[in-house]
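Notes follow once the structure below has been shown.
The values are calculated or read from the model by the stated rules, or taken from the named source; none is laboratory data. Please read these numbers as outputs of a predicted model, since none were measured by experiment. Cβ placement follows ideal geometry from the backbone for every residue including glycine, while neighbour counts extend to all protein chains displayed.
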Amino acid sequence: MKPRVLIVDDEKEFVESLSERLALRDCDVQTSLNGADAIEKIKQTNFDVVILDVAMPNMDGVETLRQIKGIKPLTEVIMLTGQGTVETAVEGMQLGAMDYVMKPCSTPDLLEKIQKGYERKTEHEERIREAKVKEFISSPQSVLRQG
């Protein structure tokens with residue numbers, strides 16, 4: 001399966017360019033130009049990885065990250081930062097972001113991080129499924145249902 005990626009950045013040309021590069025490299029990509037729109041898309045779609053700009057007007061990347069983790073905690077987030085906002089990206093990592101990338105970013109490096117995030121999320125989901133199956137099998141009610 002292709003990683004489902006959401007790119008969130010207020011720079012339209014950057015978003016379009018990055019989206020095209022990732023789509024050509026087998027990612028299922030959607031874009032958003034602000035935090036509020038990104039949150040709405042996250043409520044509707046199960047993204048694997050969000051590439052999130054730190055510095056955006058209105059709702060910045062850190063606040064957007066907080067909301068993403070509140071809605072879909074397993075979604076992996078890569079913070080995207082320009083010069084001078086590394087401290088904010090580190091704060092984002094303390095809030096649950098997987099990694100951060102400096103702008104401009106190289107496509108191969110970003111793809112490697114996306115793949116890592118996709119694999120991490122998939123592993124977490126699989127462990128949750130396995131735990132639910134074990135819980136179901138070991139619960140007394142499941143024996144009654146089978147009997």
Item to check | Hits in the range 70-101 (condition: more than 11 Å from the chain's Cα centre (by Cα) and closer than 17 Å to residue 21 by Cα) | outcome: 80, 101
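This table checks each residue for (1) in contact with a Gly (Cβ under 6 Å, 6 or more places away or on another chain); (2) touching a residue at least 12 places away in the same chain (Cβ under 8 Å); (3) of a type in the set (Ser, Thr, Tyr).
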position	(1), (2), (3)
65	yes, yes, no
76	yes, yes, no
89	no, yes, no
93	no, yes, no
99	no, yes, no
104	no, no, no
107	no, yes, yes
111	no, yes, no
115	no, yes, no
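Of everything in the range 72-84 that's over 17 Å from residue 5 (Cβ atoms) and at pLDDT 80 or above, which residue is surrounded by the most Cβ atoms within 10 Å (Cβ to Cβ)?
The extreme case among them is 81.
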Checklist entry - Quick one: what pairs do we get from the range 1-25, first residue closer than 16 Å to residue 82 by Cα, second assigned to a loop (DSSP other than H, G, I, E, B) and small (Gly, Ala, Ser), C-beta under 9 Å, 6+ apart or different chains? => result 10/55
Checklist entry - Within the range 34-71, can you find the residues that are of a type in the set (Val, Ile, Thr) and surrounded by 15 or more Cβ atoms within 10 Å (Cβ to Cβ)? => result 39, 42, 49, 50, 51, 54, 62, 64, 68
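Listed residues 63, 87, 91; which is farther than 17 Å from residue 2 by Cα and at pLDDT 90 or above?
Step by step, each of 63, 87, 91 is checked, and only 63 is farther than 17 Å from residue 2 by Cα and at pLDDT 90 or above.
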Checklist outcome for this item: The correct count of residues that are of a type in the set (D, E, K, R) and assigned to a helix (DSSP H, G or I) in the range 1-20 is 4
Checklist entry - Within the bounds of the range 119-127, is there any residue that is closer than 17 Å to residue 6 by Cβ and touching a strand residue (DSSP E or B) at 6+ places or on another chain (Cβ under 7 Å)? => result yes
Checklist entry - Say we look at the range 19-33 and pick out the residues that are under 20 Å from residue 65 (Cα atoms) and of a type outside the set (Ser, Thr, Tyr); which of these is surrounded by the most Cβ atoms within 10 Å (Cβ to Cβ)? => result 29
